[in-house]
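*Asks:* First the structure, then my questions, so here it is.
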Amino acid sequence: MKSVIHLFTAILALSVVPQASADLTIRLTGSTAFRAGTHKAIVAMMGGEANCRFAHGMITGAATTANQAGYENADYTIIRGTAASIPGITTVHCTWTGSATGIRDVAQNNTLGFLAASQLPANTGYANAAVTQATSETAIPDFAFSDVFQASTPTPAPALEDNLLAIIPFSWVANEGTTGITNMTQQLARALYSNGSQPKKLFTGNDLAADAEQLVLAVGRDNGSGTRITQLAETQYGVFNTVQQWKLTSSGSPATVTVAQVWPLNDGVGAFATGNGGYSSGSTIRTLIGLTSAAVQLKNAAGTNVGTPQAVSLLAFLGITDSTTAVTNGAVRLSYEGVFYDGTNPKLIYQGLYTGWGYLHVYTKSGLSTDQGQFRDNLAAQFDDVNVIGAAGLQVSQMQVSRVNDGATVGP
């Protein structure tokens with residue numbers, strides 16, 4: 001009997017040792033609005049940049065750099081280090097595609113493009129990051145970060161496990177060179193997204209001929225985006241209603257917006273109706289909204305010119321990090337319903353005065369491994385540390401108000 005017990009004990013020990021020393025690979029997708037905060041949290045749980053190796057890139061056509069900002073705002077990242085309470089080496093691959101898209105891909109076990117571990121540099125630190133433009137392997141994501149409830153997406157089932165991690169603030173911005181527009185209201189937003197454009201005078205209150213003639217155009221995300229769902233819910237427009245948005249072309253040096261076309265049919269995610277398409281990442285919009293638009297050729301969805309080049313204003317709804325980058329590049333931040341939020345005044349959200357926000361959810365399938373569950377718990381701890389997430393998000397633990405679904409009344 002003793003020999004049998006000893007044999008069993010030996011076998012058990014052999015089976016446990018590899019698990020305790022096994023490395024962990026995590027694949028994240030979902031909301032682009034909070035990618036900067038998520039990237040910060042991952043680095044913090046790994047003990048800081050000196051302990052991490054980085055590679056990152058952007059959707060083709062956008063530039064990035066080997067520094068902290070380049071990593072935090074990238075569309076594709078890979079981070080490797082040793083995470084707290086997780087044995088072995090942890091490698092995190094991120095591909096940020098949008099909240100609704102991320103929920104769909106986790107729920108349906110869809111494969112996505114990720115940066116490969118082979119793209120990591122030999123040395124640690126942001127300055128040594130490998131900068132690339134394209135993903136190089138495919139895999140099924142483990143976690144979906146979302147700034148909306150699953151019920152607000154086109155994939156309400158199968159139900160995923162939902163954990164609230166943080167609060168994501170959003171902000172309306174007008175593009176560089178915009179004057180006279182200082183505030184966005186629910187009424188103006190509904191009119192803009194119904195029609196795609198509105199006379200500038202409705203935003204300024206001026207009867208000036210220039211304001212009566214100049215148009216304000218809606219620029220926004222595709223319908224796989226939680227940012228779009230949040231804005232349509234918050235403004236009571238309806239999250240599943242079609243919108244009228246514009247696709248922009250820039251040219252010149254310095255670059256300016258030169259063409260605005262009603263979003264073409266079948267051009268990307270959700271473009272099943274003209275105007276209903278949009279950009280797949282907030283990073284693209286933040287770049288465009290940082291440009292002037294003094295002589296823009298308008299085109300219909302078929303690409304036919306409408307009139308002659310004219311001055312227009314461009315409005316977009318962005319996560320606070322993207323909006324701050326856009327403002328740094330020249331864009332104009334707007335108040336929402338008369339309340340101005342720029343990330344430095346969190347009490348406006350904690351106390352319910354500013355309602356342009358959503359919860360950061362992390363969705364997973366059931367049956368996480370012990371290490372996967374620990375990774376999720378590590379993230380939750382980091383997101384509750386204001387020194388980690390900074391202006392990218394707010395602490396759920398500090399909220400004095402709440403809402404039961406996207407766009408719902410904010411109250412105690």
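*Asks:* Quick test of your reading of the structure: L291 fulfils all but one of (1) part of a loop (DSSP other than H, G, I, E, B); (2) closer than 30 Å to N109 by Cβ. Name the failing condition by number.
*Replies:* Failing condition for L291: (2).
*Asks:* Consider L217 carefully, then state whether it is open to solvent by less than 30 Å² (accessible area, probe 1.4 Å), modelled with pLDDT of 95 or more and more than 24 Å from W263 (Cα to Cα). Spell out how you get there, then give the answer.
*Replies:* Numbers: open to solvent by less than 30 Å² (accessible area, probe 1.4 Å): yes; modelled with pLDDT of 95 or more: yes; more than 24 Å from W263 (Cα to Cα): no.
No; evaluated as a whole, the condition is false for this residue.
*Asks:* Among the residues in the range 286-297, are any among the basic types (K, R) and over 20 Å from E176 (Cβ atoms)? Don't jump to the end; show me each part of the working.
*Replies:* The initial filter retains those residues of the range 286-297 that are among the basic types (K, R), namely 286.
Those still in the list that are over 20 Å from E176 (Cβ atoms) too: none.
The answer is no; no qualifying residue exists.
*Asks:* While we're here: May I ask you to say which residue of G224, G277 is of a type outside the set (A, V, I, L, M, F, W, C), assigned to a loop (DSSP other than H, G, I, E, B), at pLDDT 95 or above and out of contact with any Cys (no Cβ under 9 Å at 6 or more places or on another chain)? Full working, then the answer.
*Replies:* Details: G224 fails: at pLDDT 95 or above.
G277 is the lone residue from the list that is of a type outside the set (A, V, I, L, M, F, W, C), assigned to a loop (DSSP other than H, G, I, E, B), at pLDDT 95 or above and out of contact with any Cys (no Cβ under 9 Å at 6 or more places or on another chain).
*Asks:* Sort through L360, L379, L368, L314 and tell me the only one that's part of a strand (DSSP E or B), of a type in the set (A, V, I, L, M) and within 26 Å of R80 (Cβ to Cβ). Spell out how you get there, then give the answer.
*Replies:* On the way: L379 fails: part of a strand (DSSP E or B); L368 fails: part of a strand (DSSP E or B); L314 fails: within 26 Å of R80 (Cβ to Cβ).
Every option except L360 fails the conditions.
*Asks:* Could I ask something else about it? Test F340 against the criterion of being under 30 Å from S293 (Cα atoms) and among the aromatic types (F, W, Y), and give yes or no.
*Replies:* Values: under 30 Å from S293 (Cα atoms): yes; among the aromatic types (F, W, Y): yes.
Judged against the criteria, F340 is a match.
*Asks:* Here is a check on your reading of the model: is T95 of a type in the set (V, I, T) and part of a strand (DSSP E or B)? Spell out how you get there, then give the answer.
*Replies:* On the way: of a type in the set (V, I, T): yes; part of a strand (DSSP E or B): yes.
Yes: the conditions hold for T95.
*Asks:* Take the residues of the range 310-343 that are in contact with a Leu (Cβ under 6 Å, 6 or more places away or on another chain) and buried (at least 20 other Cβ atoms within 10 Å of the Cβ): which is farthest from S171 (Cα to Cα)?
*Replies:* The first filter runs over the range 310-343 and keeps only residues in contact with a Leu (Cβ under 6 Å, 6 or more places away or on another chain), leaving 312, 314, 339, 341.
Right, trim to buried (at least 20 other Cβ atoms within 10 Å of the Cβ) and you get 312, 314, 341.
Working: V312: 20, L314: 14, Y341: 7 Å.
Looking at the filtered set, the residue picked out is V312.
*Asks:* For the range 92-107, which positions are over 14 Å from the mean Cα position of the chain (by Cα) and either among the aliphatic types (A, V, I, L, M) or within 30 Å of A233 (Cα to Cα) (or both)? Don't jump to the end; show me each part of the working.
*Replies:* Narrowing the range 92-107 to residues over 14 Å from the mean Cα position of the chain (by Cα): 92-93, 104-107.
Hits for the range 92-107 are V92, R104, D105, V106, A107.
*Asks:* Pick out the one residue from L265, L248 that is over 26 Å from D406 (Cβ atoms) and open to solvent by 40 Å² or more (accessible area, probe 1.4 Å).
*Replies:* Working: L248 fails: open to solvent by 40 Å² or more (accessible area, probe 1.4 Å).
Exactly one residue qualifies, and that residue is L265.
*Asks:* Does any residue in the range 136-157 that is farther than 15 Å from G30 by Cβ come within less than 7 Å, Cβ to Cβ, of a residue that is part of a helix (DSSP H, G or I) six or more places away or on a different chain, and which pairs are these?
*Replies:* Once the first residue is farther than 15 Å from G30 by Cβ and sits in the range 136-157, its partners that are part of a helix (DSSP H, G or I) give S136/Q119; P156/Q150.
*Asks:* Another question, then. Out of all the residues in the range 147-161, which are open to solvent by 40 Å² or more (accessible area, probe 1.4 Å) and small (G, A, S)?
*Replies:* Scanning the range 147-161 gives A151, A157, A159.
*Asks:* Could you list, in sequence order, all residues of the range 98-114 that are modelled with pLDDT of 95 or more and in a loop (DSSP other than H, G, I, E, B)?
*Replies:* Q108, N109, N110, T111, listed by residue number.
*Asks:* For A130, work out the one condition from (1) loosely packed, with under 14 Cβ neighbours inside 10 Å; (2) in contact (Cβ under 8 Å) with a residue 24 or more places away in the chain; (3) among the hydrophobic types (A, V, I, L, M, F, W, C) it doesn't fulfil.
*Replies:* The one condition A130 does not meet is (1).
*Asks:* Moving on to the next point. Which members of the range 382-407 meet the condition of being among the hydrophobic types (A, V, I, L, M, F, W, C) and either in contact with a strand residue (DSSP E or B) (Cβ under 9 Å, 6 or more places away or on another chain) or part of a helix (DSSP H, G or I) (or both)?
*Replies:* First, pick out the residues of the range 382-407 that are among the hydrophobic types (A, V, I, L, M, F, W, C): 383, 386, 388-389, 391-392, 394, 396, 399, 401, 404.
Hits for the range 382-407 are F383, V386, V388, I389, A391, A392, L394, V396, M399, V401.
*Asks:* Follow-up question, since we're still on this one. Here are T287, T292, T304: which of them is polar (S, T, N, Q), farther than 21 Å from A191 by Cα, more than 18 Å from the chain's Cα centre (by Cα) and crowded, with 16+ Cβ neighbours inside 10 Å? Lay out the reasoning, then the answer.
*Replies:* On the way: T287 fails: more than 18 Å from the chain's Cα centre (by Cα); T304 fails: crowded, with 16+ Cβ neighbours inside 10 Å.
Within the list T287, T292, T304, the selection yields T292.
*Asks:* Going by what's in this entry, would T242 be described as β-branched (V, I, T), closer than 24 Å to S280 by Cα and open to solvent by 10 Å² or more (accessible area, probe 1.4 Å)?
*Replies:* On the way: β-branched (V, I, T): yes; closer than 24 Å to S280 by Cα: yes; open to solvent by 10 Å² or more (accessible area, probe 1.4 Å): yes.
So T242 passes the test.
*Asks:* I need a count of the residues in the range 269-284 that are open to solvent by less than 10 Å² (accessible area, probe 1.4 Å) and within 19 Å of V327 (Cβ to Cβ).
*Replies:* The number of residues fulfilling the criteria is 3.
*Asks:* Within the range 382-411, which residues are farther than 22 Å from G226 by Cβ and touching a residue at least 60 places away in the same chain (Cβ under 8 Å)?
*Replies:* D385
The values are calculated or read from the model by the stated rules, or taken from the named source; none is laboratory data. No experiment lies behind these values; they were computed from the predicted model shown. Positions of Cβ are generated from backbone atoms using ideal geometry, with glycine treated the same way; all protein chains shown enter the neighbour counts. Ligands, DNA and RNA are stripped out before the accessible areas are found, and what is left, the full protein with its side chains, is counted by its heavy atoms. Shrake-Rupley method; radii C 1.70, N 1.55, O 1.52, S 1.80 Å.
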